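Down below is the structure, laid out as structure tokens.
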């Protein structure tokens, strides 16, 4: 580097002092916390609690082109947990999860669950 390089770097950095950087990391982190606060239980497990059913939640995924990301049960259950949390729930029971056919999709997967609120959840049943 030349001798006047530090001055050039200082000028460049001072020109960026009013810049603002926005990312979606905050949204990702918030969703991650929300999803982890919702647990997946079986029908037998949820019956051990005094649970209030909040309704059905659904999630689906369409792989439009062969090179696109493939659908996975794990990703869809994550979406189900977010939707249950938005309803005020802290538990889900996945009733069905499977592949199917849909227009414009190379591969299609859909999952359905019931969202529950368990007011006094005390760990795993």
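Collect the residues in the stretch 52-76 that are assigned to a strand (DSSP E or B) and within 14 Å of the chain's Cα centre (by Cα), keeping them in residue-number order. Write out each step before concluding.
So in the stretch 52-76, the residues assigned to a strand (DSSP E or B) come out as 52-63.
Hits for the stretch 52-76 are 57, 58, 59, 60, 61.
Could you tell me whether residue 49 is surrounded by 10 or more Cβ atoms within 10 Å (Cβ to Cβ), over 14 Å from the mean Cα position of the chain (by Cα) and either at pLDDT below 95 or assigned to a helix (DSSP H, G or I) (or both)? Spell out the reasoning first.
Values: surrounded by 10 or more Cβ atoms within 10 Å (Cβ to Cβ): yes; over 14 Å from the mean Cα position of the chain (by Cα): yes; either at pLDDT below 95 or assigned to a helix (DSSP H, G or I) (or both): yes.
Here the answer is yes, as residue 49 does meet what is asked.
If residue 78 passes every condition in (1) closer than 20 Å to residue 119 by Cβ; (2) surrounded by 15 or more Cβ atoms within 10 Å (Cβ to Cβ) but one, which one does it miss?
Exception for residue 78: condition (1).
Being within 12 Å of residue 98 (Cα to Cα) and without any contact (Cβ under 8 Å) to a residue 40 or more places away in the chain is the filter; apply it to the stretch 52-73 and report the residue that is surrounded by the fewest Cβ atoms within 10 Å (Cβ to Cβ).
72
The values are calculated or read from the model by the stated rules, or taken from the named source; none is laboratory data. Since we're looking at a predicted model, the values are computed, not measured. Here Cβ is always computed from backbone atoms with ideal geometry, including for glycine, and neighbour counts include all displayed protein chains.
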